[in-house]
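Undergrad: Submitted below is the structure of interest, expressed as structure tokens.
Please treat every number below as a calculation from the coordinates, not as lab data. Computed from a predicted model, the values in this text were never measured in an experiment.
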Amino acid sequence: MKPKTTKRWALLIQKQEESELTIKAFCQHHKLDLSTFYVRKKQLKNKVQATPKNAFIKLNKAASKASTENIKIQHNQTHLNLPMGIEPTWLATLVKALA
């Protein structure tokens with residue numbers, strides 16, 4: 001298996017970290033080259049470290065008319081679900097505090 005995109009590599013690395021497998025066992029199971037896995041993991045780590053702390057993250061809102069929608073914010077391993085009717089000023093204060 002040869003993942004071609006950075007996004008795909010990031011997903012594989014995340015899956016390995018969440019699994020109970022060692023990197024070697026994970027690579028064998030997914031037919032990945034071990035040295036390539038380590039290189040890509042290091043490249044992604046360097047890319048994340050190079051991103052400014054106050055950088056905006058693009059959020060995509062799926063088109064839906066359901067009244068039970070939530071605002072979903074995800075960054076690395078952190079997931080936050082907030083009700084759609086939340087006060088924008090409160091949300092801005094939260095984002096500023098987390099930056």
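Undergrad: Tabulate in residue order the Karplus-calculated ³J(HN,Hα) for region 32-46, using 6.51 cos²θ - 1.76 cosθ + 1.60 with θ = phi - 60°, rounded to whole Hz; enter x for Gly and Pro.
TA: Along region 32-46, the couplings run 10, 6, 4, 5, 5, 4, 5, 4, 5, 4, 5, 4, 5, 5, 5 Hz.
Undergrad: Which of the lysines could be linked to K72 by a straight reach, that is with a Cα gap under 17 Å, when you skip same-chain ones fewer than 8 residues away?
TA: K58, K61, K96
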